[in-house]
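The values are calculated or read from the model by the stated rules, or taken from the named source; none is laboratory data. Note that the structure is a prediction, hence the values are computed from the model and not measured. For neighbour counting, all protein chains shown are included, and Cβ atoms are generated from backbone atoms with ideal geometry for every residue, glycine included. Only protein heavy atoms, including side chains, enter the accessible area calculation; ligands, DNA and RNA are left aside. Shrake-Rupley method; radii C 1.70, N 1.55, O 1.52, S 1.80 Å.
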Amino acid sequence: MMASVVGTVFLVKAEQQGSRVAVIEGEVQVKIRRMSERLLPGEQVSTSSLVPARPVIEEVSWSGHAQEHF
């Protein structure tokens, strides 16, 4: 997976089963194998069904800045 970003806040989760990218602000261009997809705020994509979508707020709740984005 390759991701390029444009003025954004985003999350990348890399696990043994696969990877997931989620966008909080801005735009992320994601390339998985031959597929290319543009993600906007609230959208996410995964390389495997073993890495399901999750609410992004749960993933970043540890951050002292999380509430600035939600």
**Request:** Roll a 1.4 Å probe over the protein heavy atoms and report the accessible area of L50 in Å², nearest 10.
**Result:** 120 Å²
**Per-residue HN-Hα couplings for segment 64-69 [Karplus 6.51, -1.76, 1.60; θ = phi - 60°; Hz; x = Gly/Pro]** = x, 9, 4, 5, 5, 10
**Asked** Dipole size in debye (nearest 20) for the chain around its Cα centre, Lys and Arg Cβ +1, Asp and Glu Cβ -1?
**Response** 380 debye
**Message:** What is the percent carbon and sulfur in the accessible area of the chain, measuring with a 1.4 Å probe over the protein chains and ignoring ligands?
**Reply:** 52 percent
**Fill in**
Put V60, V12 in order of accessible area, largest first, probe 1.4 Å, and you get V12, V60
**Request:** Quick one: which residues, 5+ away or cross-chain, put their amide H under 5 Å from the amide H of G26? H built at 1.01 Å from N.
**Result:** V9
**Asked** Using alpha carbon centroids, what distance separates segment 45-70 and segment 1-30, in Å?
**Response** 10 Å
**Request:** Please list the non-local residues whose amide H lies under 5 Å from the amide H of S19, H modeled 1.01 Å from N, same-chain partners needing a gap of 5 or more.
**Result:** T47, S48
**Prompt:** To the nearest 0.05, how large is the calculated FRET efficiency for K31 and A53 if R₀ is 25 Å and r is the Cβ-Cβ distance?
**Reply:** 0.85
**Leading residue at positive end of dipole, segment 10-51 (Cβ point charges), from L50, L11, A22** = L50
**Message:** With Cα extents along the principal axes in Å as the read-out, I listed (i) 35, 25, 14; (ii) 41, 24, 17; (iii) 28, 23, 19; which label goes with the value calculated from this structure?
**Reply:** (i)
**Prompt:** In square angstrom, rounded to the nearest 10, how much accessible surface does K31 have for a 1.4 Å probe?
**Reply:** 100 Å²
